[in-house]
Amino acid sequence: MNKPNMKPRLHSHQPTAGVFKADSIRDVAESLNIVNLPDVVASALASDVEYRIHQVIEEAARFMRHAKRTTLTTADIDQALRVLNIEPLYGHFPHNPPVFRRAPPHPQTTAAGSVYFIEDEEIDFERVLREEKLTLPKGPRWTAHWLAVEGVQPLIPENPPAIPKDIDTEQAVKPGSPSRPHSVFPPTPPSDRPSPIQAAKKQQQQQQQLVKQVLSRELQLYYTRLTSALLPPSASDLTKRTAALASLRNDAGLQALLPYLVRWVGEGVVGALKNGVQSDNDGQVLEVLLDVIGALLDNPTLFVEPYLHQLLPPILSILLHSSLPDSHAVNLRTTASHILSRLLTQYSTTYPSLPPRIMKTLLLALISPGKSRSTREGAVRGLVGIGKEAVRKGLVEGGGAKVIGSECMPGEDSGIAESVMDAFRVLHPQSSSPVPLDQSNQADAEIIRQLGEVLGELFADRLMSDSAWARGVLIGDAAGL
Amino acid sequence: MSTASASTPEGTSPANPSAPSAESTISPTDRTILEYLRSKGYKGAEKEFLAAVEKPASDDKGKNPEATAATSTTVSSEELVKSEAVQSQRPSRPGENALREPATALQELASLGNSTNVQNLISSIDAVGAEEILSLDPTDKQEGFRELEAWVDGSLDMYRPEFRPILFPIFCHFYLDLIQYGFKEAAIRFYTEFSPSLGPSHSATLHHLSTLLLPAHVQNDELAQRFRNEKYTIRMSRSGFDLLVGWLTEGVGGEATGQGEGFSGEKGKRGRAAMLRVVNNHLRFDVTPSSTTSVSLNAWEESTGLLSSAIPQANGNATLTNPNSFNASKGELKLGPAPVPEELRAEAERVMREQAMMDRDPGAQYDPQLYSKALAPQPGVVAPSPSDLPPYPPSFKTIDVKREVERVRDARKRIRLERPSTHGAASQGHAPRNLPLPSICAYTLHDVGEGVPCCTFSMDTSLMAAGFSESYIRLWSLKGEKLKGYRSDFQSSSIKDVREKGGDTTRKLIGHSGPVYSVAFDPVSGSAAPPRYLLSASADATTRLWSLDTMSNVAAYRGHQNPVWDVQWGPMGIYFATASRDRTARLWSTDRTSALRVYAGHLSDVNSVRFHPNSLYLATGSSDWTTRLWDVQKGSCVRVFIGHQGIVSTLAFSPDGRYLASAGEDLAINLWDIGSGRRIKKMTGHTASIYSLAFSAESSMLISGGADWTVRCWDVESAGGPLTKTRENGCVLSRTDLMATFPTKRTPVINVQFTPRNLCLAAGLYLSPEQR
């Protein structure tokens, strides 16, 4: 066999003789026991084989096109062979495409190029029968969705996300600007969860478009100025800060910035509370941020409602956090509870499920074991902020006072006890001339017993000195009056 | 054979004053070519060639080339007579042409006897060598083509678009020549060198040619034979043509300065000769008097190519080379709405009036007027008379009345997708009013196996049918109702449980033995009731009729020899048409198992078939790049639409019957005016195959869906400028008439269709990303 020394000549003879090489023909011929195939025959056959293969592929491509596919499958080839009056190649299925592997190069015939073969996987019946669970495919099914509603493509999961061309180009144009205020702004609005109010998807989409559109340069500048004036509190002087807050409280036209401000506040609170918060500075930051929330709520031109779900976590975090800096703790919690109460009075009518949900959070913080005292104090203040009913529910009926009382040392005069007493004062005003409960009086004795039962020893003792108050706290306004 | 009377050019030269100078310029090679042409009887070519080689001489005398040509004809008249005699003696072989094996050619020439010019030829062959005479040296073709390309690229900007199309046919012929004479390597070299510059529009044809590697392939390949036997038509302006002829003959004219002196040297001469032979034998120049600049950008598509076989020849004697002249020769078409029988019309109007009374619907009382208005012939089109229609049953059924009533109601209630009429708000002043955009409901198929070649919705949108590659059809009820067929084993006593028990909202129809390529619901019930029949076409060469009452196959229509690609009901039921790989479209009626008409003429697969809304005509789109319109009853072709640069894959008639839209593998949608047969515009924008087209009910909007996972809306009436990169609402519009593009999530859109109330339905199958 003179194959190796024939090859170089052949290669020089046919520089670009198509995909199918004469060598392959010779290999096939050898496999059929035809040795010494002449060069001419081999190359002519190679050309012809290539032409025939192209013929089959062109025919198969028609079947592919009519099957509305863009990949040629073995089924197409079979169909093509059939119409060309050639017996199809059996044993190939489009859903189980054969995997070709390249054979390691043979040491003697390195020039022959790569040889590919089909991997014949061995199947171990025992393993298959033991392990594999045959699952029947579900079968074809359909889903329907709106691809377009009067020419507008709804942003629903079934449709691909809109191509953010506007923002891309905007960012591509602007990076040269010196201040680059826009870099603060994410391309998509931060609202990741649609609030229940704007349940309709179309509305949501409109809002998203709104945010995209109105980030004018002026607003971007305003945003950077505002945030730098507010924080960090040590660097900025007081007048600037008050001016900024006043602007937030009164200026119109900030609606577009609202999502960004809300997010800024949220991130600020998280950042301040995350790292331990013992420093004075963090306390100041939190105070400022609470002021910002308050200012946003105060601003009559802002439509805060869609962002309540984002505003509440910072407020509640500050209110209930276990370790606020000592110097600011009381102030922070009081402010937070004030803001909470204002928020509730403002929105509980349009958003009836809001107070119960906040109540639940506060009650959990108040009663559930393992919470720190400062958390409980915050919860009490929060309850005071919500109102009389909440205080009664939490402290008296829910047993909050009892829990706190058991945790306090008898006779201790801490903030938490004071806050509970404050809460009691909300329930019923302290009488100006207290008449202590009389142990000997049977009715009074009953009250004292109930006091101890409901509020715990500590607070029972404190309330005993004022019978009207004690009655008021225990039974309610109607009974007390 | 008439005796040779020493009438070679040398012999006659004393008789003609211009001849000596001409003789001096004619090189031996040219002379032999001339004689060869003469002996083969190519009079036109000979004349042209002679005129060409004698041009310098005539220029000396200040005559124009035409005059010289005239004089030269007088010179060669004797030879013409003689050569005709030569021609007549030989057995005529139609289809065979000048390019033949050199040896046989020589032998033939020698056998022709002792005519002097033949002697001359033989002697010159001896001198120069047979191979070179017949331009068999492969390199001169390469050289010649390079020269031509350089000349075209160097020509003036105004002529370049005109000259570019010449490159392609000359390339093809050179390549085929090289292959035919066995110069495989030279052919491959030639291909690799020049094919990239020929432009993407020819890539499919070029690829096909590149697969031909042996002479036997050229003999057997259909496309190669078409190139060989047909003339490739090229449209050119008068001045451009003159420049080309001048350059081919003399090597001067039209090229930019500094481009060299055209053909030079021996090789260049042979290259030129080869080119001249191609030009003479295989090209036809459609010379137009119009100036080059007035021709629009895409006009060449309609007038360039192997047209003579694409255009049906009327009587055999008069060959039409221009699709426009063919279309004009076929006279006017009746494109108006089909007439509705008087009784049916009266009954429908009566029912409408009744319903208007019952419903107390304020809009309904105008239905009868609307109805008569819809049936009235529109201005500008001829309405057919009842006798023009294919025969329909004389009586009408209840369902016909219901359908008509529903049709009017749909027309009243449908979503308006047309420009608001300008009468009311003409004073507003904003001139181009925007079309309202449609609402599109997409039905996505999941978890299909090998693929869904087709999918369709019934007109009342109660049913969806999809044909699968796994040979079955699946029906779905879109209203969530259970699909129950009639029982075959019911008791005659209890006629109540005639329907099957149980059932599901989907149903599988099994009967085909190959992939199902098309399904169609019958249109008889319109939108008034669910359809009763379904047709399906498959790769097993049958078309099947399925009853949706019994959910079973009721008939199989055999006749096609090859896979049936498409099936379509006639607009009033009863008849249907199929398109097949066997290059025919056929007309059938449901009650006969054999075809009523065979529409033959396409040169390749018929991919798509559509009925004209008045059922008088049938349009077919084919893989031979053309679309034809057939007279349903006569079976003759009445229009041919040439312009696509690829396979025509799908078609759509506008409901008003005036326009035809066709989509091709060249990724363009062409809009045709049926009456004149002319292209109105070409709409480009899709980036992959277009699978489906649909017109809105007012014919004002076209929707297309394709393999690029998009649905696109096109404005039919807008002129549709070329690429105008205007930014509107953030999306870059590539064309002014592409109104909107709606991308889907990995879903090739296989069917788009409008409901009678103008809601657009789109169907596609979701390709999961892990699927390759």
Residues being over 29 Å from the mean Cα position of the chain (by Cα), more than 7 Å from chain A (Cβ to nearest Cβ) and more than 16 Å from B:Asp522 (Cβ to Cβ) - total across region B:439-474 = 3
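Okay, residues lined up against (1) in contact with a Lys or Arg (Cβ under 9 Å, 6 or more places away or on another chain); (2) among the hydroxyl-bearing types (Ser, Thr, Tyr):
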residue: A:Thr375; (1), (2): no, yes
residue: A:Glu397; (1), (2): no, no
residue: A:Gly400; (1), (2): yes, no
residue: A:Ser406; (1), (2): no, yes
residue: A:Arg425; (1), (2): no, no
residue: A:Gln430; (1), (2): no, no
residue: A:Pro434; (1), (2): no, no
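Every residue, every condition in (1) surrounded by fewer than 21 Cβ atoms within 10 Å (Cβ to Cβ); (2) in contact with an Asp or Glu (Cβ under 8 Å, 6 or more places away or on another chain); (3) at pLDDT 85 or above; (4) not small (Gly, Ala, Ser), yes or no:
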position	(1), (2), (3), (4)
B:Ala127	yes, no, no, no
B:Lys141	no, yes, no, yes
B:Phe145	no, no, yes, yes
B:Met158	yes, no, no, yes
B:Phe163	no, no, no, yes
B:Ile170	no, no, yes, yes
Positions within region B:647-674 being on the phi < 0 side of the Ramachandran plot, within 14 Å of chain A (Cβ to nearest Cβ) and not hydroxyl-bearing (Ser, Thr, Tyr), in sequence order = B:Ile647, B:Val648, B:Ala663, B:Gly664, B:Glu665, B:Asp666
Of the criteria (1) touching a helix residue (DSSP H, G or I) at 6+ places or on another chain (Cβ under 6 Å); (2) among the charged types (D, E, K, R); (3) part of a helix (DSSP H, G or I), which one A:Asp438 fails = (3)
remark   = When (1) over 23 Å from B:His644 (Cα atoms); (2) within 11 Å of chain A (Cβ to nearest Cβ); (3) modelled with pLDDT under 90; (4) crowded, with 16+ Cβ neighbours inside 10 Å are applied to B:Gly764, the one that fails is (3)
query = Where in region B:322-381 are there helices (runs of 4 or more DSSP H), lying wholly inside it, with at least 2 residues that are in contact with a Ser or Thr (Cβ under 9 Å, 6 or more places away or on another chain)?
reply = B:323-329, B:342-359
Scan of region A:59-81 for residues that are crowded, with 24+ Cβ neighbours inside 10 Å, more than 7 Å from every other protein chain (Cβ to nearest Cβ) and not hydrophobic (A, V, I, L, M, F, W, C), ordered by number = A:Asp76
query = Looking only at region B:735-748, which residues are closer than 26 Å to B:Asp566 by Cα and more than 9 Å from every other protein chain (Cβ to nearest Cβ)?
reply = B:Thr747
ask   = Identify, please: which residue in region B:224-245 is touching a Leu at 6+ places or on another chain (Cβ under 8 Å) and surrounded by 18 or more Cβ atoms within 10 Å (Cβ to Cβ) and is, among those, farthest from the other protein chains (Cβ to nearest Cβ)?
value = B:Met236
ask   = Taking region B:505-532 as the search range and keeping residues that are polar (S, T, N, Q) and surrounded by fewer than 19 Cβ atoms within 10 Å (Cβ to Cβ), which one is farthest from the chain's Cα centre (by Cα)?
value = B:Thr505
ask   = Looking only at region B:552-587, which residues are in contact with a helix residue (DSSP H, G or I) (Cβ under 8 Å, 6 or more places away or on another chain) and in a loop (DSSP other than H, G, I, E, B)?
value = B:Asn562, B:Pro563, B:Arg581
message = Could you go through region B:246-259 and let me know if any residue there is acidic (Asp, Glu) and either at pLDDT 80 or above or surrounded by fewer than 17 Cβ atoms within 10 Å (Cβ to Cβ) (or both).
response = no
request  = Scan region B:196-217 for residues that are out of contact with any Ser or Thr (no Cβ under 7 Å at 6 or more places or on another chain), more than 10 Å from chain A (Cβ to nearest Cβ) and either crowded, with 17+ Cβ neighbours inside 10 Å or outside any helix (DSSP H, G or I) (or both) and jot them down.
outcome  = B:Leu198, B:Gly199, B:His202, B:Thr205, B:Leu209
message = Just to check your reading of the model, which residue among A:Pro98, A:Pro94, A:Pro105 is assigned to a loop (DSSP other than H, G, I, E, B) and within 11 Å of chain B (Cβ to nearest Cβ)?
response = A:Pro94
message = For region A:289-310, which positions are under 14 Å from A:Glu267 (Cα atoms) and at pLDDT 85 or above?
response = A:Leu289, A:Leu290, A:Val292, A:Ile293
query = Restricting attention to region A:377-405, which residues are buried (at least 24 other Cβ atoms within 10 Å of the Cβ) and either outside the structural domain of A:His328 (by TED's automatic domain parsing) or among the basic types (Lys, Arg) (or both)?
reply = A:Arg381
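Every residue, every condition in (1) more than 14 Å from every other protein chain (Cβ to nearest Cβ); (2) closer than 16 Å to B:Lys330 by Cα; (3) at pLDDT 90 or above, yes or no:
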position	(1), (2), (3)
B:Asn607	no, no, yes
B:Arg610	yes, no, yes
B:Ala619	yes, yes, yes
B:Ser623	no, no, yes
B:Trp630	yes, yes, yes
B:Val640	yes, yes, yes
B:Gly643	yes, no, no
Matching residues, region A:34-58, being facing chain B (nearest Cβ under 7 Å) and not acidic (Asp, Glu) = A:Ala44, A:Ser47, A:Tyr51, A:His54
key: Failed criterion for A:Asp422 (all others in (1) crowded, with 17+ Cβ neighbours inside 10 Å; (2) at pLDDT 75 or above; (3) within 30 Å of A:Thr335 (Cα to Cα) hold)   = (1)
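The values are calculated or read from the model by the stated rules, or taken from the named source; none is laboratory data. These numbers come from a predicted model, not from an experiment. Cβ sites come from the backbone with ideal geometry, for glycine too, and all protein chains shown count toward neighbours.
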